[in-house]
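Worksheet: the structure to be examined is printed underneath.
The values are calculated or read from the model by the stated rules, or taken from the named source; none is laboratory data. Owing to the predicted nature of the structure, the values given are computational and were not obtained by experimental measurement. Cβ atoms come from the backbone with ideal geometry, glycine included; neighbour counts cover every protein chain shown. Just the protein is used for accessible areas: all its heavy atoms, side chains included, with ligands, DNA and RNA removed. Shrake-Rupley method; radii C 1.70, N 1.55, O 1.52, S 1.80 Å.
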Amino acid sequence: MFFFQDKLPRSFGNEYDNHIIFNEIKIIQDFYEALSYCNISPIENAAFMSDSKVFSTSTYIYSSIEGTLESISVLLHNGRCNDAFALVRKYCDSIILDIYKNILSKQVDKEFYESLSLEVYKNNKIKQWIDAENRLFEERDIVSVYKAIKKEYPELTKLFNLTDKSTLYHKLRDICNDNMHYNYLYTMMANDASMIQSRKDLWMPLLKNMAKAIRLFFTIHFSFIYVGDAWTLMSPDYIDYMDCGMQPPPGCERWVPNPVQIAFSSIIQKYTPKISEYLLSLDLMDLE
């Protein structure tokens, strides 16, 4: 056990301290930070009549996820690998929540245009969630959430095998659960910094699985954002030109911020070329 006077962050040797997971977390952090700042989010109609006066949730969701990734990195730098893995599960949950929230938002808009009734905006799940009156969904409802995602995005659901319990996504999610709930002794040991210092056989496979999980969860989120709301990834240049009274260059609305391109190249193209090829084939934004 480390003494309280130890300086933070701790050092666990060159191989641990310079593990690729730290650089990749930073790349993904920068992606979410860029979206939280650059996000040109219109008012969400489903949130328009919220008592909290939060008219667009995306900025807050992305900045919260960026903070979760920062916390994961801090915990890893201090040898608290089990706690870090528990937060990877939180990251996964945040992604599913964001995807489902966007589906609900589109459903609310559709219901309004069909009924032309303001009651749709006064009483919907997103408004209730914003005003802390109800949850978007309960854990026991997760099957119906996946079904809603499959219905809205059948191709992506098939690509990631989200509804097949035997696939990598669910296996990595189960590993996250093992660390969240202390299902095994080694998961508890992984939160002891002195064990991380002395047991490479403990932290090496753990960091390998954690890096794999973060990459996959990020790839899923990026893909659903790109396919469902590609404009979310738009660079702020277009609006900057308009604010300055200048005509934006042709195709400017397809530009993406540099952190978006870096994350796409460093994570998605590198580790999931099949997904990368599919996204590029859609030609929704200027990704390379």
Original post:
Which option, [x] 60, 44, 43; [y] 56, 53, 30; [z] 64, 44, 39, is the value of Cα extents along the principal axes in Å that was calculated from these coordinates?
Top reply: [z]
Original post:
ASP109 versus LYS90, label points 7 Å from Cα toward the beta carbon: distance in nm?
Top reply: 3.1 nm
**OP:** May I ask you to derive the relative contact order of the chain, considering only C-alpha pairs under 8 Å and at least 6 residues apart, and to give it as an integer percent?
**Re:** 22 percent
**OP:** State, in angstrom, two size descriptors of the range 176-288 derived from its alpha carbons: Rg to one decimal place and Dmax to the nearest whole number.
**Re:** 20.1, 62
Original post:
How large is Rg over Rh for the range 80-125, taking Rg from the Cα atoms and Rh as the Kirkwood inverse mean of 1/r across Cα pairs?
Top reply: 1.32
Original post:
What number comes out for the charge environment of SER266, summing +1 per Lys or Arg and -1 per Asp or Glu over other residues with Cβ under 14 Å away?
Top reply: 0
Original post:
Mind checking which aspartates and glutamates have their C-alpha under 12 Å from LYS106, skipping anything on the same chain fewer than 8 residues away?
Top reply: GLU44, GLU152, ASP229
Subject >> 1.4 Å probe accessible area per residue over the range 139-238, in Å² >> reply: 48 Å²
**OP:** Calculate, axis by axis, the spread of Cα positions in the range 114-210 along the three principal axes, and write the results as whole Å, longest axis first.
**Re:** 65, 32, 18
Original post:
Given the options SER198, SER94, SER266, which has the most mean-square fluctuation in a GNM of the chain, springs set between C-alpha atoms less than 10 angstrom apart?
Top reply: SER198
**OP:** Assuming R0 = 22 Å, can you tell me the calculated FRET efficiency for the pair ARG140 and LEU168, based on Cβ-Cβ distance, to the nearest 0.05?
**Re:** 0.40
Original post:
GLU133: accessible area at probe 1.4 Å, nearest 10 Å²?
Top reply: 110 Å²
**OP:** For every other residue with a beta carbon closer than 14 angstrom to the beta carbon of GLU15, add +1 if it is Lys or Arg and -1 if Asp or Glu, then tell me the sum.
**Re:** +1
**OP:** Using only the alpha carbons of the range 39-194, determine the length spanned along each of the three principal axes and report them from longest to shortest in whole angstroms.
**Re:** 61, 33, 27
**OP:** Treating cross-link reach as a plain straight distance, find the lysines whose alpha-carbon is under 20 Å from the alpha-carbon of LYS212, omitting any fewer than eight places away in the same chain.
**Re:** LYS26, LYS90, LYS158, LYS165, LYS171, LYS200, LYS270, LYS274
Original post:
In whole percent, how big is the carbon plus sulfur part of the accessible area of the range 148-273, probe 1.4 Å, protein atoms only?
Top reply: 56 percent
